[in-house]
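Let me begin by presenting the structure, written as structure tokens, before commenting on it.
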Amino acid sequence: MKQLLKKTEEELASAADRYFQSKAWSTYPEVVTPIFNGRPDLVCIKQQLVMVAEVKVSLTYPVIEQLTRWRHEMQKATTSAFQDETNKAIPHLLYAVVGKAGRLSDLKHEILKQHRIGVLEITAEATPEWAMEYHQRDSRIDTFGYSYFEGCRWRFNELLPARIQHGSRQTAHRIIEHLNPDMRCGSAGASGRKGGHMTPFRRTMNKVVEIINSKGELHISYIVEELNDRMGGHHYTSDKVASAQIAKFLVKLDLAKRIDSSRPIFAPK
């Protein structure tokens, strides 16, 4: 028997991303939206189906709790007089993606089934160069759940299939409404400190830099006007707040040159 290799959370997440894409899912790593108070490792879309996966090295109770938060947040919003339940949602499917899981304890199995959560186990073993060269032409997942890439033979084993979440048929579409193509730039499982995920703030600032680079010297009021008129707007609560914050961060993040000390006029770097 070949020895399994220890893989990091980020490596497992990258493999999971590849696996779900091979199953015709469009994947959005490290998604930040107002629909959920967290940053799922992967949000996956297939037509109108929505799946969320959290990736961890092992199947711990915290990762199970992380997935059940979707239902808990929805329930709190439904019963609270201070939260808007129309701004919450539940994905159709929830998956815990883990390294070697071993035997599921009776308690974990009971909790997972009760909350309709699936478990995908991903393992990797070192593979000789000749075998990698032989399989190089086709790195798809075969019928036995194996795939060859990055010098390893990977196995994808669905230990427990996910089931449709109650309430998802009525709410999951709200998650899709908050997804944008630029959210696919991130790396699943990456630490937030690496800054690889897309956020509303980062999207706004990307638009601002694009406007400045294409138009040249601009007053902040014109930048905000351009954002609203042809770039889909910004994420701030008002244009006044947007003007102040954008002007501040253009300088703080060194995204543009301020060319007038008395007026907020900016030029490309």
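Using Cα-only point scatterers and the Debye equation, what is log10 of I(q)/I(0) for the chain at each q in 0.07, 0.11, 0.17 Å⁻¹, rounded to two decimals?
-0.34, -0.74, -1.23
Taking only protein heavy atoms into account and a 1.4 Å probe, give the accessible area per residue of the chain in Å². Display every interim value, and only then the final one.
Values: 14770 Å² over 269 residues.
Ligands and nucleic acids excluded, the result is 55 Å² per residue.
Bin width 5 Å, alpha-carbon pairs only: give the P(r) of the stretch 66-136 as whole percents, running from 0 to the bin holding the largest distance.
3, 12, 17, 15, 11, 11, 8, 9, 5, 3, 3, 2, 0
Let's test the formula: R0 of 51 Å, r as the Cβ-Cβ distance of Lys100 and Ser262. What FRET efficiency results, to the nearest 0.05? It would help to have the intermediate numbers written out before the result.
Details: r = 63 Å, r/R0 = 1.23.
Step by step, r from the Cβ atoms, then E = 0.20.
Can you give the Rg to Rh ratio for the stretch 17-117, taking only C-alpha atoms and Rh from Kirkwood? Intermediate results must be reported in sequence, preceding the final value.
Numbers: Rg = 14.3 Å, Rh = 14.6 Å.
Expressed as Rg/Rh, it is 0.98.
In straight Cα distance, which aspartates and glutamates are under 17 Å from Lys7, not counting same-chain residues fewer than 8 positions off?
Hits, sequence-local ones excluded: Asp17, Asp41, Glu54, Glu121, Glu125, Glu150.
In terms of modelled amide H atoms, which long-range or inter-chain residues lie less than 5 Å from the amide H of Val97?
Glu54, Val55, Lys56, Leu120
State the Kirkwood hydrodynamic radius of the stretch 1-71 in Å, one decimal place, computed from all pairs of distinct Cα atoms.
Numbers: mean 1/r = 0.0751 Å⁻¹.
Final number for the Kirkwood radius of the stretch 1-71 is 13.3 Å.
Work out how much length Ala81 to Gln21 would gain on full extension: take 0.36 nm times their residue separation and subtract the Cα-Cα distance, in nm to one decimal. Write out the running numbers ahead of the final one.
Details: separation 60, 0.36 × 60 = 21.60 nm, distance 4.00 nm.
My answer for the length gained is 17.6 nm.
Summing -39500 (n - 2.57) over the DSSP H runs of n ≥ 4 in the chain and dividing by its residue number, what mean residue ellipticity at 222 nm do you reach, to the nearest 500 deg cm²/dmol? Spell out each step's value before the answer.
Numbers: 9 runs with 99 residues, N = 269.
So the calculated ellipticity at 222 nm is -11000 deg cm²/dmol.
The values are calculated or read from the model by the stated rules, or taken from the named source; none is laboratory data. None of these values were measured; they are calculated from a predicted model. Glycine also receives a Cβ, built like all others from the backbone with ideal geometry; neighbour counts cover every protein chain displayed. When the accessible area is computed, the model is the full protein with side chains, heavy atoms only, and any ligands, DNA or RNA have been set aside. Shrake-Rupley method; radii C 1.70, N 1.55, O 1.52, S 1.80 Å.
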